[in-house]
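The values are calculated or read from the model by the stated rules, or taken from the named source; none is laboratory data. Model, not experiment: these values are computed from the prediction. No Cβ is skipped: glycine too gets one built from the backbone with ideal geometry, and neighbour counts run over all protein chains shown.
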Amino acid sequence: MTKIKICGLFQSCDIEFVNEAKPDYIGFVFAKSRRQVTKEQAGKLRALLDHKIISVGVFVNEKVENIVDLINENIISVVQLHGQEDECYIQTLKSKTSVPIIKAVKVTNAVDIIEAQKLPVDFLLLDQGEGGTGKVFDWTLASGIKIAKPFFLAGGMNIDNVERGINELGPFAVDISSGVETNGVKDKNKIEQIIRRIQNV
């Protein structure tokens, strides 16, 4: 079954919603964003999170030491990289921690995906490049490629397109943020609806 990640949690009520809905992953955004959280905020939210749900930290060109600190304090269990992190950066991070690493790929053509598969990461995340905007990338760019690494499908995922995305691309997981929001905040009903939809695909 396709895994589910709800990204961009920053309020205690968000945690209440996911604890009830039970996605596989949630995301804390440490990069500059309207959903950005500090280490202190994330720590408090993580303490409220159901221990069966995996917490992912989302970063853009962050200092490796700061990421390792969040891992060591059990605030995050997976790292998601959304910047210009290259192979050298990733190898440095891997030398300091053993948690899974997701690398986001801005998909503008098939070569973007082919090149990203060479990186020493556990997962790719296919996106249109501007996280949390509700925009999708051209899925046909990915549908004709054999993607060897398991990947998260992101970018504009919502109740109306998630089933088609799963059927067309066969992702390991789908990553949803703005697609489960109303007026910029997480919506309990939308979270529950999209999780039911994914589970029934």
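Observations on the structure shown:
- Filtered by the rule that a residue be hydrophobic (A, V, I, L, M, F, W, C), buried (at least 22 other Cβ atoms within 10 Å of the Cβ) and not in a strand (DSSP E or B), region 1-11 gives a lone residue, 9.
- Restricting attention to region 90-123, the residues that are of a type in the set (Val, Ile, Thr), crowded, with 16+ Cβ neighbours inside 10 Å and more than 21 Å from residue 72 (Cα to Cα) add up to 3.
- Selected residue (only one of 57, 43, 27 is of a type outside the set (A, V, I, L, M), farther than 18 Å from residue 94 by Cα, surrounded by 14 or more Cβ atoms within 10 Å (Cβ to Cβ) and touching a strand residue (DSSP E or B) at 6+ places or on another chain (Cβ under 9 Å)): 27
Here is a yes/no grid of residues against (1) in a helix (DSSP H, G or I); (2) aliphatic (A, V, I, L, M):
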| residue | (1), (2) |
| --- | --- |
| 13 | yes, no |
| 17 | yes, no |
| 28 | no, no |
| 41 | yes, no |
| 67 | yes, yes |
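- Within region 83-116, the set of residues being at pLDDT 95 or above, part of a loop (DSSP other than H, G, I, E, B) and either under 13 Å from the mean Cα position of the chain (by Cα) or over 30 Å from residue 41 (Cα atoms) (or both) comprises just one member, 100.
- Count of region 11-28 residues, restricted to those that are within 15 Å of the chain's Cα centre (by Cα), within 19 Å of residue 194 (Cβ to Cβ) and hydrophobic (A, V, I, L, M, F, W, C), is 2.
- Selection from region 124-177 of residues that are under 20 Å from residue 196 (Cβ atoms), β-branched (Val, Ile, Thr) and in a loop (DSSP other than H, G, I, E, B): 159
Residue-wise test of (1) touching a strand residue (DSSP E or B) at 6+ places or on another chain (Cβ under 7 Å); (2) of a type in the set (A, V, I, L, M).
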{"residue": "142", "(1), (2)": "yes, yes"}
{"residue": "150", "(1), (2)": "yes, no"}
{"residue": "167", "(1), (2)": "no, no"}
{"residue": "172", "(1), (2)": "yes, no"}
{"residue": "180", "(1), (2)": "yes, yes"}
{"residue": "184", "(1), (2)": "no, no"}
{"residue": "188", "(1), (2)": "no, no"}
